[in-house]
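Below is one structure; the comments refer to it alone.
The values are calculated or read from the model by the stated rules, or taken from the named source; none is laboratory data. From a predicted model like this one, the values you see are computed outputs, not experimental measurements. No Cβ is skipped: glycine too gets one built from the backbone with ideal geometry, and neighbour counts run over all protein chains shown. Each accessible area value is taken on the protein alone, full model and side chains, heavy atoms only, with ligands, DNA and RNA left out. Shrake-Rupley method; radii C 1.70, N 1.55, O 1.52, S 1.80 Å.
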Amino acid sequence: MRQIWILFIICCIITDCEKRVDSLCNETSSNVYDFEGLKVYRSLEDGLSCAKIKEKPILLLFSCFACVGDTSYERELFVENPNRAIIDKNYVPIILYVDDKTPLENSYRVSVNSDGKVRWISTIGEKNALYQMQIFESTSQPFFVILDGEGNKILDPIGYQSSSSSYRSYLEMGIKSYKQLKGNARKTVKGE
């Protein structure tokens, strides 16, 4: 997979698409927003792309606008130091809202067979909820997952944490696990 990514970067250089890559990772993409001063992606695809470029793990949070408790909880965890400093320095943060009513483009509408029923996914929130349900087998919020740049889980997901320090421990374990995975991948590539 790393070879494909290197080929993509070479093609970008040749075709002058580095402007897209630069804007994506400099948090100027339209899918990045300011969350109390922290730049957060609201698109899984853009966040994954940037995580590959920056070689950082992803902190993925599934949340919902409608739950006031989730929103205040997110502020506490994302904004308070040292969690904010850890996230800002070490992660590509993504928040996917499962109740985002923004319509998807027609080309992204999909029909899924879930519980014997056919559903049309027509909003970003429905797409995010389906992703959470199918990949992580959960529908609860808040729901945190640490991923690598390929979208693979690094640690088991967690839900609500009663203290900022327990969440900080999760963040620190994610960094440690990511570094170990990167180290193992380098050894495999070098044939060690």
Identity of the residue in the stretch 118-161, assigned to a helix (DSSP H, G or I) and polar (S, T, N, Q), that ends up most open to solvent (accessible area, probe 1.4 Å): GLN134
Residue in the stretch 162-183 that is modelled with pLDDT under 90, among the hydrophobic types (A, V, I, L, M, F, W, C) and not in a loop (DSSP other than H, G, I, E, B) present: yes
First in the stretch 72-83 and within 10 Å of LEU61 (Cβ to Cβ), second anywhere and part of a helix (DSSP H, G or I) and open to solvent by less than 70 Å² (accessible area, probe 1.4 Å), Cβ under 9 Å, 6 or more apart: LEU77/ASN83; LEU77/ARG84; LEU77/ILE87; LEU77/SER164; LEU77/TYR167; LEU77/ARG168; PHE78/ARG84; PHE78/ILE87
